[in-house]
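Values in this text are rule-based calculations from the coordinates and carry no lab data. Everything numeric here is computed off the predicted structure, so don't read it as measured data. Quick reminder, even Gly has a Cβ in these numbers, built from the backbone with ideal geometry, and neighbours come from all protein chains shown.
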């Protein structure tokens, strides 16, 4: 794939009522000059492939990213089938993000065995990639198997596969089998540096590092920063104790109150200090956001995928992203 789409900001399509709004938002993002649209598959929200297909059908240029799907809820053969269909709608502009999801959703809530996640991800990537390449595949792994399977219509153009992973072993796997890494929300510049260091065996020409970045831009600085605090609080609880937060200098003691609030289903936005906003988000005036994004560029991030909080109107934010931030991102990336 031509990686020039990383020279512009991307945006995640998300929020309440997304199925009804997806086509309008996709058109607006393309008009704004953004480079990519990404669909997050959080269970049990609307399915990623349906939203991605709707966005693909009404756009002509923008890249459609799946960020990310897993091989447990969809067998790797089904992932390949769905991705090939999407690539048929949007030839040459589909990127597949794959991850292992998490034990709560997969095993606890859906009763799907969640054994050896890294092994399952490795096997899933191999099966999906071979099928998308047009091969007839027979494969028996520890987690997944296929017997004499080939897609009726493989994509005409290659579909890059990024891994949505965080830990050292998983990042090493990405460097071995994938075309890049898709970092999660709360991927600080320090985390981007670790991802780059861990995957240094791959050249930047053929291995991309992208990340979801919380973004809210407004002339009202306080309002923009307030809008990202609930999401920061939520994800600090979700990611408590993980290496992605340690990269940002947060010890478990610092994030324990957010975990406690999450488990008690209690709001914790009031615990999000200014330094946490500065570490994990680009929020504030256009100048504030440009300065924040520069830190991710300096850390080696190839593409920032804006995650707009629900308190900030996504349609209006798309205009701001295209006018105020996308040109600056391109300038910083292309120096």
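Observations
- Per-pair calculated FRET efficiency, R0 = 45 Å: residue 298 and residue 119 via Cβ, rounded to 0.05: 0.80
- Near-label residues of region 92-136 by backbone N, under 11 Å of a point 7 Å along Cα→Cβ of residue 43: 101-114
- Listed options for Cα Rg over 2.2 N^0.38 Å are [x] 1.11; [y] 1.01; [z] 0.95. The value calculated from this structure is the one marked [z].
- Taking each DSSP H run with n ≥ 4 as -39500 (n - 2.57) and averaging over every residue of the chain yields -13000 deg cm²/dmol at 222 nm.
- Ordered by the number of other Cβ atoms lying within 10 Å of each residue's own Cβ, fewest first, 258, 144 fall into the sequence 144, 258.
- Spacing of the two label points (7 Å from each Cα toward its C-beta) at residue 147 and residue 222, in nm: 6.8
- Computed extension gain for residue 57 through residue 169, at 0.36 nm per residue and net of the alpha carbon distance, reaches 36.6 nm.
- Burial order of peptide ranges 52-59, 63-70 (average beta-carbon count within 10 Å, highest first): 63-70, 52-59
- Using alpha-carbon coordinates, inclination of helix 48-57 to the longest axis of the chain, degrees: 90
- Exposure proxy shown here: for 112, 244, 161, the number of other Cβ atoms within 10 Å sets the order, fewest to most, as 112, 244, 161.
- With the cut-off at under 20 Å, measuring from each backbone N in region 223-248 to a point 7 Å along the Cα-to-Cβ line of residue 16 picks out 224, 226-235.
- Residue order, fewest to most beta carbons within 10 Å, for 30, 108: 108, 30
- Between residue 331 and residue 291, the modelled label-to-label distance comes to 1.6 nm, taking each label 7 Å out from Cα in the direction of the beta carbon.
- With the simple model of a label 7 Å out from the Cα in the direction of the Cβ, residue 310 to residue 157 spans 3.4 nm.
- By DSSP, the beta bridges lying fully in region 123-275 are antiparallel in about 35 percent of cases.
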